[in-house]
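Some notes on the structure that comes next.
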């Protein structure tokens with residue numbers, strides 16, 4: 001917490017007063033500097049917040065927030081973006097509970113001696129984030145901050161909630177929804193999809209917002225802003241599961257897909273270092289801080305197991321009682337069909353070598369359309385077969401180009417990872433994740449079966465639930481005759 005100096009004592013024997021590096025960093029951010037320099041210091045502050053926010057005392061935390069508030073309305077969009085990212089990190093860490101050993105000591109501090117967060121401060125941050133949702137340069141970061149605040153506010157535990165008034169939250173969502181179909185975010189980025197999906201969930205719980213039909217406004221905005229034809233040759237800042245999250249929220253689907261979507265990590269030394277640190281974190285925590293992961297008893301094991309069996313039983317008879325899609329589902333299918341036909345025409349008419357990024361973007365659109373129609377079947381709604389057939393045809397066109405020798409191995413890997421939503425359940429990512437401090441109790445520990453079941457980890461139960469849900473969803477996809485025909489070819 002203190003900057004290092006060559007010597008901590010002067011020649012006369014007096015100790016040098018050490019300067020707090022966080023205070024120095026805040027002074028550098030507030031001082032006169034160029035945009036690039038200020039952005040660099042904001043990035044340093046962001047990484048510090050993400051890793052060490054909970055060890056700061058309350059006064060210093062307030063100083064950080066007040067410094068960031070000075071730039072929340074700054075003219076430079078890139079500075080505003082990093083400020084919103086810092087606020088999102090603060091909201092996330094504050095709502096995540098006790099994750100740092102120093103926070104345990106803070107929890108014993110009497111409430112009267114600790115500075116409670118100011119509700120007006122967070123409401124100001126929330127309002128500023130909502131006001132900049134429609135600014136193209138800042139919309140992605142603003143939606144990320146707004147989503148973090150809204151997620152923290154909706155927590156059931158008051159101790160970890162961001163103090164926002166429900167009236168202010170509903171008022172800002174209503175204001176955003178009124179002009180969303182006219183002036184909304186520039187593009188359905190990942191954070192934009194997550195934020196709007198959560199806004200739809202909040203609106204469904206309030207009678208006044210429910211009558212406003214926020215879903216229709218979000219759908220109109222999505223159709224206008226998601227241009228899939230003539231896309232720029234760079235990776236889009238969203239994945240299939242981001243778009244699916246928003247589409248499922250728009251259509252009010254109760255059973256969700258929760259797809260697995262991945263992009264390859266950049267090949268550089270930073271990536272290698274971070275991957276190695278993640279694998280050896282348990283060893284490092286034990287050697288340096290004498291810490292071991294806390295064993296947490298599950299609280300809803302029986303409920304999870306019951307839900308799994310119920311969902312399998314309910315979904316087994318879905319194909320026998322499919323209902324006709326409503327107007328909203330038909331509008332989504334029509335938009336997806338139009339986009340797929342335009343992409344197919346573009347690929348079939350193209351005579352030049354396509355970039356791998358363009359192929360991946362087109363493949364993501366095809367997988368999104370196929371997943372949406374399968375999600376309809378999952379919820380007992382009849383799918384649009386033309387969309388399914390067009391999706392399979394586009395997948396066939398793009399995967400057929402993998403034999404092109406002009407594409408490098410990393411480019412082919414980028415395209416092949418786009419097929420993950422059709423094949424992966426997420427368990428493959430857990431192989432070789434890292435070291436384990438202690439093995440969990442298993443059948444070799446000598447415990448009785450009912451005790452062993454009660455001591456199973458929450459994470460294992462959640463993974464089991466997700467695996468069953470994803471397997472069931474993949475089963476619906478691959479039971480389709482058009483998809484099976486694609487696999488044969």
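The values are calculated or read from the model by the stated rules, or taken from the named source; none is laboratory data. Only a predicted model underlies this, so the values are computations on that prediction, with no experimental measurement involved. Please note: Cβ atoms are built from the backbone with ideal geometry, for glycine as well, and neighbour counts cover all protein chains shown.
For residues that are loosely packed, with under 14 Cβ neighbours inside 10 Å and at pLDDT 85 or above, scanning just region 447-477, find the one that is nearest to the chain's Cα centre (by Cα).
Looking at the filtered set, the residue picked out is 471.
What are the pairs, 6+ residues apart or on separate chains, where a residue within region 400-424 that is farther than 17 Å from residue 358 by Cβ and not assigned by TED's automatic domain parsing to the domain that holds residue 366 has its Cβ under 8 Å from a residue that is buried (at least 18 other Cβ atoms within 10 Å of the Cβ) and modelled with pLDDT of 90 or more?
none
Condition check ((1) within 27 Å of the chain's Cα centre (by Cα); (2) surrounded by fewer than 20 Cβ atoms within 10 Å (Cβ to Cβ); (3) at pLDDT 95 or above) across all residues:
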{"site": "293", "(1), (2), (3)": "yes, yes, no"}
{"site": "309", "(1), (2), (3)": "no, yes, no"}
{"site": "331", "(1), (2), (3)": "yes, yes, yes"}
{"site": "344", "(1), (2), (3)": "no, yes, no"}
{"site": "378", "(1), (2), (3)": "yes, no, no"}
{"site": "385", "(1), (2), (3)": "no, yes, no"}
{"site": "392", "(1), (2), (3)": "no, no, no"}
{"site": "401", "(1), (2), (3)": "no, yes, no"}
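From the list 85, 69, which residue is under 16 Å from residue 25 (Cα atoms) and in contact with a helix residue (DSSP H, G or I) (Cβ under 9 Å, 6 or more places away or on another chain)?
After applying the criteria, what remains is 69.
When you go through 246, 265, 253, 274 one by one, which is the residue that is closer than 24 Å to residue 226 by Cβ and out of contact with any strand residue (DSSP E or B) (no Cβ under 9 Å at 6 or more places or on another chain)? Full working, then the answer.
Values: 265 fails: closer than 24 Å to residue 226 by Cβ; 253 fails: out of contact with any strand residue (DSSP E or B) (no Cβ under 9 Å at 6 or more places or on another chain); 274 fails: closer than 24 Å to residue 226 by Cβ.
So the residue among 246, 265, 253, 274 that is closer than 24 Å to residue 226 by Cβ and out of contact with any strand residue (DSSP E or B) (no Cβ under 9 Å at 6 or more places or on another chain) is 246.
Determine which member of the set 255, 227 is part of a loop (DSSP other than H, G, I, E, B), exposed (fewer than 14 other Cβ atoms within 10 Å of the Cβ) and at negative phi. Give the derivation first.
Working: 255 fails: exposed (fewer than 14 other Cβ atoms within 10 Å of the Cβ).
None of the others qualify; the one that does is 227.
With respect to residue 214, determine if the residue is farther than 28 Å from residue 345 by Cα, touching a helix residue (DSSP H, G or I) at 6+ places or on another chain (Cβ under 6 Å) and loosely packed, with under 15 Cβ neighbours inside 10 Å.
On the way: farther than 28 Å from residue 345 by Cα: yes; touching a helix residue (DSSP H, G or I) at 6+ places or on another chain (Cβ under 6 Å): yes; loosely packed, with under 15 Cβ neighbours inside 10 Å: no.
When the stated conditions are applied, residue 214 does not pass them.
If the Cβ limit is 7 Å and pairs must be 6+ apart or interchain, which residue in region 165-178 that is in contact (Cβ under 8 Å) with a residue 24 or more places away in the chain pairs with which residue that is surrounded by 13 or more Cβ atoms within 10 Å (Cβ to Cβ) and not in a helix (DSSP H, G or I)?
The qualifying pairs are 170/206; 174/212; 176/133; 177/212.
Among the residues of region 67-93, which ones are part of a loop (DSSP other than H, G, I, E, B), within 16 Å of residue 130 (Cα to Cα) and touching a residue at least 12 places away in the same chain (Cβ under 8 Å)?
Passing the criteria: 71, 72, 73.
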